[in-house]
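Inspection log for the structure reproduced underneath, given as structure tokens.
The values are calculated or read from the model by the stated rules, or taken from the named source; none is laboratory data. A quick note: this is a predicted structure, and the numbers were derived from the prediction, not measured. We place every Cβ from the backbone using ideal geometry, glycine too, and count neighbours over all the protein chains shown. SASA here: full protein model, heavy atoms, side chains in, ligands and nucleic acids out. Shrake-Rupley method; radii C 1.70, N 1.55, O 1.52, S 1.80 Å.
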Amino acid sequence: MLIFDSGIGGISILENIKKNIPNINYIYLLDNEGFPYGEKKESFIIQRCIKIINTIIKIYPIKIVIVACNTASTISLSILKKIFNIPIIGVLPLLDQAIKKTKNNKIGLIATTATINSSYIKNIMSECIYAKSIKVIATNELAKLAEKKIRKLSISNIKLKNIFNSWIMLSVKPDTIYLGCTHFSFLKDEIQNIFYQPITFLDSHITVTKIVKQYFLNNQTNQIIKKNVFLYSEYNQEINKLLWFLKKYQFNTIKKINLN
Ligand code: DGL
């Protein structure tokens, strides 16, 4: 299984998959050279995803790919599925879950700028009869704060509050927040703390895990990668700050991969 993201966000997807399929082996590709995808043009994101999959399938016997990034999935998933002849699973915001969960009829959707501007999100919003109840925040800062937290760097509460200001100011605040970026799962506690009411957080993790589990049940002989590999696309000092965190995921190898 190849699982990739621009940063550590995809690890939250990996964690959920590992919890449910403990014997799984994986290649995690952290495209830190491309981070943040949320600020990039759609053409860059599409080409980058094609490049990542093409590069990895030449080196490793990959049978399934998880695009563990909402930005990459909303923009490129349908194209990737047409190009590659292996199962490709993405993480796409599913607002119907939030519509079922909300009690005060106020839903928050927070994602990167590129995700919010994608035609996937525009289409689901235009088709959704509850669209008026959905408050949207487009931010590229929150993923950066998650990257800091995982590197044990302090994150500014003022910055965090500024990101959520438009919801904090509402007289009826969202009681259900859809985390439309895989990075945001690492900041649930911090986000909860800035609202003085309990928040239900939703994301696509369970849905993705179910699909992957089903795939491995149907294709039991297909797990031919026998170790866990962590690849990053750019070396810098920041990579060393991640090592403590990566220990939890039993990577046998950690190394750089060239995507240029
Ligand atoms: N983790 C990515 C996502 O789920 C976004 C981070 C970025 O902007 O690169 O959207």
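A few comments on the model shown:
- Qualifying positions in the stretch 149-181 - of a type in the set (D, E, K, R) and farther than 15 Å from Ile191 by Cα: Arg151, Lys152
- Residues that are in a loop (DSSP other than H, G, I, E, B) and open to solvent by less than 30 Å² (accessible area, probe 1.4 Å), drawn from the stretch 26-36: Tyr26, Asp31, Asn32, Gly34, Pro36
- Within the stretch 164-192, considering residues that are surrounded by 13 or more Cβ atoms within 10 Å (Cβ to Cβ) and without any contact (Cβ under 8 Å) to a residue 60 or more places away in the chain, the one nearest to the ligand (Cβ to nearest atom): Leu187
- Residues (surrounded by fewer than 20 Cβ atoms within 10 Å (Cβ to Cβ) and within 24 Å of Pro36 (Cβ to Cβ)) located in the stretch 96-116: Thr113
- Restricting attention to the stretch 125-158 and to residues that are outside any strand (DSSP E or B), within 16 Å of the ligand (Cβ to nearest atom) and open to solvent by 40 Å² or more (accessible area, probe 1.4 Å), the residue that is farthest from Lys241 (Cα to Cα) turns out to be Glu141.
- Scanning the stretch 132-157 for residues that are closer than 20 Å to Pro174 by Cα and not charged (D, E, K, R) yields a total of 8.
- If you go through the stretch 182-201 and keep only what is touching a strand residue (DSSP E or B) at 6+ places or on another chain (Cβ under 9 Å), within 23 Å of Ile8 (Cα to Cα) and among the hydrophobic types (A, V, I, L, M, F, W, C), you end up with Phe184, Leu187, Ile191, Phe201.
- Hits in the stretch 65-80 (condition: within 9 Å of the ligand (Cβ to nearest atom) and either in a helix (DSSP H, G or I) or surrounded by fewer than 24 Cβ atoms within 10 Å (Cβ to Cβ) (or both)): Asn70, Thr71, Ala72, Ser73, Thr74
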